[in-house]
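The values are calculated or read from the model by the stated rules, or taken from the named source; none is laboratory data. Source: prediction; values computed, not measured. Ideal geometry is used to build each Cβ from the backbone, glycine not excepted, and the neighbour counts take in all protein chains shown. Ligands, DNA and RNA are stripped out before the accessible areas are found, and what is left, the full protein with its side chains, is counted by its heavy atoms. Shrake-Rupley method; radii C 1.70, N 1.55, O 1.52, S 1.80 Å.
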Amino acid sequence: VWSMQRPNQDIMRAKKLPTGEVAFITNLGGNAVFTRMDPRTQKVNKTFNMLQVTMLFGNMDVLKNGNVLVGHYNNQRAVEYNQDGQQITTINVNWPNSIVRLPNGNNLITSYNQRQIYEYNGNNQIWSYQADGLVFVARRR
């Protein structure tokens, strides 16, 4: 069992990766920091700045190539960052709080405020579902 204490309770997203590493996003002022670390040694393997992640409920996805998918709720967009923190894909979508890459390469995005789930191929919305209640996370199968 492993845990990490942060002084400001600022961890917005966290995920254990298949490699055993832990990835998490913390908010610092008006920005956020993505960190990828080995929990056994506490060694930080990667860190970069990104737009602030303001919505507490949601999910991020760390891809096999090291890219990171994040919904930026207040900025009305979902972003794919490369391993160096550069934005390589931006999808404009209302209030995204969760994003995951599907096996077919598309992105599944949830919108908490809109109560919707969207599937995007690039910047093209190809499917949506209007839920009866709030949608926090959608996952691939």
Cβ pairs under 9 Å, 6+ apart, first in segment 115-141 and over 22 Å from THR89 (Cα atoms), second in a loop (DSSP other than H, G, I, E, B) and β-branched (Val, Ile, Thr): ARG115/VAL135; TYR129/VAL135
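So that you can scan it fast, the table gives a plain yes or no per residue for (1) at pLDDT below 90; (2) in a loop (DSSP other than H, G, I, E, B); (3) touching an Asp or Glu at 6+ places or on another chain (Cβ under 8 Å):
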residue	(1), (2), (3)
PHE34	no, no, no
LYS46	no, no, no
PHE57	yes, yes, no
GLY66	no, yes, no
GLY105	no, yes, no
ASN113	yes, yes, no
GLN125	no, no, yes
VAL135	yes, yes, no
ARG139	yes, yes, no
Quick one: count up the residues across segment 84-109 that are open to solvent by less than 90 Å² (accessible area, probe 1.4 Å), more than 18 Å from LEU51 (Cβ to Cβ) and in contact (Cβ under 8 Å) with a residue 24 or more places away in the chain. 4
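Only residues that are more than 17 Å from LEU69 (Cα to Cα) and open to solvent by less than 100 Å² (accessible area, probe 1.4 Å): list them for segment 117-141, please. Step through it out loud before you land on a result.
Initial filter on segment 117-141 (more than 17 Å from LEU69 (Cα to Cα)): 126-135, 141.
Listed by number, the residues that qualify are ILE126, SER128, GLN130, ALA131, GLY133, LEU134, VAL135.
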